[in-house]
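Below is one structure, written out as structure tokens, with a few remarks after it.
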Amino acid sequence: LLPIGIIISCVIVALVIRLLRKRLSPLAELTIAVQQREFVVFYQPIINLTTGACIGAEALVRWRRPDGTMVPPDLFIPLAEESGLILPITDQVVETCVRDLRELLVVDRSLHVAINLSAKDITTGRFLSVVQKALEGTGIHNEQIWLEATERGFIDIEAASTNLAKARALGFGIAIDDFGTGYSSLQYLERLPTDALKIDKCFIAAIGRTVATSSVISHIIDMAKTVGLKVVAEGVETEAQAEYLKAHGVEFAQGWLYAKAMPVEDFLAFVRVEAWR
Ligand code: C2E
Ligand code: CA
Ligand code: CA
Ligand code: CA
């Protein structure tokens, strides 16, 4: 009888804790998630459109709640950015990536991992020391880390360009994320030190739909090519889109046509299988 009593009270305590957590504000919950390090990173392969080879991966964060449910980034990154919690979350993403992919990146120097940075990360410049510290003694080359800078919420372009220039001087790759979606895309292209552009998936989805959007996307590609940047197309879902991109000289792509973002074990298996092909 006694063990059953103990079990029942444990269950009750667990339920009460869950109820209490549910009643917390989203910000309080996210704060606990940061303290408890409840974030995991999924990896989406980036493919060379000409050779079909995997050249690396984009790191995409998920919040794994104690009950096992996965919260997608769109549901908590905005709150994290607003509250400043994005800074410790970025730290955790960087540390997790390095831990997850260390062996792979050291074995295959041609591979890279692309990490998303928010405006706050970039304007404070905090990512610089965080990334360097995480890489210390790992054998990973700085060139194997790409940093994706989003246009969302950029306020201090001066600070941003200073910090990205520092990162670039250290050898890190810089990509402008969601390219084409912001009203000041051209301004960013001129002012931010950049190696690559990532064309947002809304443009890829529009390929072949209407003449107008198709001409927008071909202009975006031309713009990138003219300034000599690498171009990565995001959200490629169909062969027709891949063919269009190839025909327009885009070199790299990611999307469900190739693979969804996946847990690290699956990504390591993906790269291994790929190496035998
Ligand atoms: P993003 O950087 O533009 O990432 C691409 C998003 O498109 C990812 O969504 C990816 O899973 C999704 N995607 C990839 N291929 C396809 C496709 O073929 N079709 C469609 N419909 N979608 C595809 P996810 O993982 O939900 O991430 C959403 C956004 O959250 C990201 O957009 C990025 O802005 C932000 N995010 C993700 N991880 C991080 C992070 O570690 N730090 C920061 N600051 N932001 C992050
Ligand atoms: Ca390779
Ligand atoms: Ca991105
Ligand atoms: Ca995007």
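Laboratory data are not the source of any read-out in this text; all were calculated from the coordinates shown. Not measured: the values here are computed from a predicted model. Neighbour counts are summed over all protein chains in view; Cβ atoms, including those assigned to glycine, are modelled from backbone coordinates with ideal geometry.
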Quiz item: Arranged by the count of other C-beta atoms within 10 angstrom, fewest first, what order do 111, 170, 20 take?
Solution: 20, 170, 111
Quiz item: Rounded to the nearest 500 deg cm²/dmol, what is the calculated helix-only ellipticity per residue at 222 nm for the chain, with -39500 (n - 2.57) per DSSP H run of length n ≥ 4?
Solution: -15500 deg cm²/dmol
Exercise. Could you tell me how many degrees, from 0 to 90 and to the nearest 10, lie between the Cα long axis of helix 86-107 and the main elongation axis, the longest principal axis, of the Cα atoms of the chain?
Key: 70
Quiz item: Nearest 10 degrees, 0 to 90: what angle lies between the long axis of helix 211-226 and the longest principal axis of the chain (Cα atoms)?
Solution: 80
Quiz item: For the range 33-99, what is the relative contact order in percent, using Cα pairs closer than 8 Å and at least 6 residues apart in sequence?
Solution: 32
Quiz item: Want the number for residue 74 to residue 191: 0.36 nm per residue separation, take away the alpha-carbon distance, what's left?
Solution: 39.4 nm
Quiz item: What FRET efficiency do you get for residue 64 and residue 133 if R0 is 25 Å and r is their Cβ-Cβ distance, rounded to the nearest 0.05?
Solution: 0.55
Quiz prompt | Cα radius of gyration and Dmax for the chain (Å) | solution = 20.7, 78
Self-check item: On Cα atoms only, tilt of 26-35 relative to the major axis of the chain in degrees
Solution: 90
